[in-house]
1. How large is the convex hull of the Cα atoms of the chain per residue, expressed in Å³ as a whole number?
2. Rg/Rh for segment 54-165: what does it come to with C-alpha atoms and Rh from Kirkwood?
3. Could you grab the relative contact order for segment 2-302? Cα pairs under 8 Å, six or more apart, rounded to a whole percent.
4. Starting from the Cα of residue 130, step 7 Å along the direction of its Cβ; do the same at residue 204; then give the gap between the two resulting points in nm.
5. Under a plain spin-label model, where a point goes 7 Å from the Cα along Cα-to-Cβ, how far apart in nm are residue 191 and residue 104?
6. Given R₀ = 25 Å, what would the calculated FRET efficiency be for residue 261 paired with residue 288, taking r from the Cβ atoms and rounding to 0.05?
7. Over all Cα pairs of segment 209-264, how is the pair count split among 5 Å bins, expressed in % and running from 0 up to the last occupied bin?
8. Suppose the Debye formula is applied to equal point scatterers at every Cα of segment 230-303; what is log10 I(q)/I(0) at q = 0.20 Å⁻¹?
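Throughout, read-outs are computed from the coordinates displayed, never taken from laboratory work. These numbers come from a predicted model, not from an experiment. Here Cβ is always computed from backbone atoms with ideal geometry, including for glycine, and neighbour counts include all displayed protein chains.
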Ligand code: MLT
Ligand code: MN
Ligand code: ZN
């Protein structure tokens, strides 16, 4: 299985256009050693020729430009994108669908809850119907394995996870199963497994058991601390309210990932306020010492 990180930042990207937090400001004036990042998305393939986009970010156009393999240009209008799979209906994960309209009809694998948000609060499904039929919904549900047409080697399992529905959703604050899923992707020929969870609010016993079965975790890295948005002065929400589990702290991801030996552990969906973006920070050093990687745009993982 081939995985390409198209975008490693959380919503807003890094640096964020209107942000002067220490990271964004420091990156712009050259005092912080860091790498610019686009918004949350990965591409997955079983053969290197046919690709699935998992979460379509608003930066998708530049992400495709930076990834020539996904544009074979064999015909007048051509792409290697066979489908899009969504983990949730968050804007940073779905608004890129607008910019794939020239390639409709396009199969979109997502839960019925995600389809509902994308048919009401952010009505991409009805709107895009006017472009060659638009998005073709392929329903998926937590716990039910599925295969994406055209990528026969991969079997996908949507994993129920606790996070939150998008800010515009009628279920914000009271998320239901299906509002957020992780994706366990199994390469049946190579017998390798990736668990992709860009937004994760809580680690349950079921999830822990699953983590032990995979070769690589590509996991929530939004915030370093629970009150990061408040302390940096850019917002008024705690990480938990947003459905994100911070990296540090007693029950944070760092301690959890430390219990998983011999696996590749890679953070993704990193918010621009997160100190790990500063490559010379003590936080970045702490991760490196713990064997935890920080994903970057263009990162390639082969399993
Ligand atoms: C999130 O990850 O919590 C959302 O993308 C936030 C947002 O939509 O601004
Ligand atoms: Mn997000
Ligand atoms: Zn910032």
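1. 125
2. That ratio equals 0.95.
3. Averaging sequence separation for qualifying contacts and normalising by length gives 20 percent for segment 2-302.
4. Here the answer is 4.1 nm between the modelled labels.
5. 4.4
6. FRET efficiency, residue 261 to residue 288: 0.90.
7. Reading upward from the zero bin: 4, 18, 26, 20, 14, 9, 6, 3.
8. Rounded to two decimals, the profile gives -1.01.
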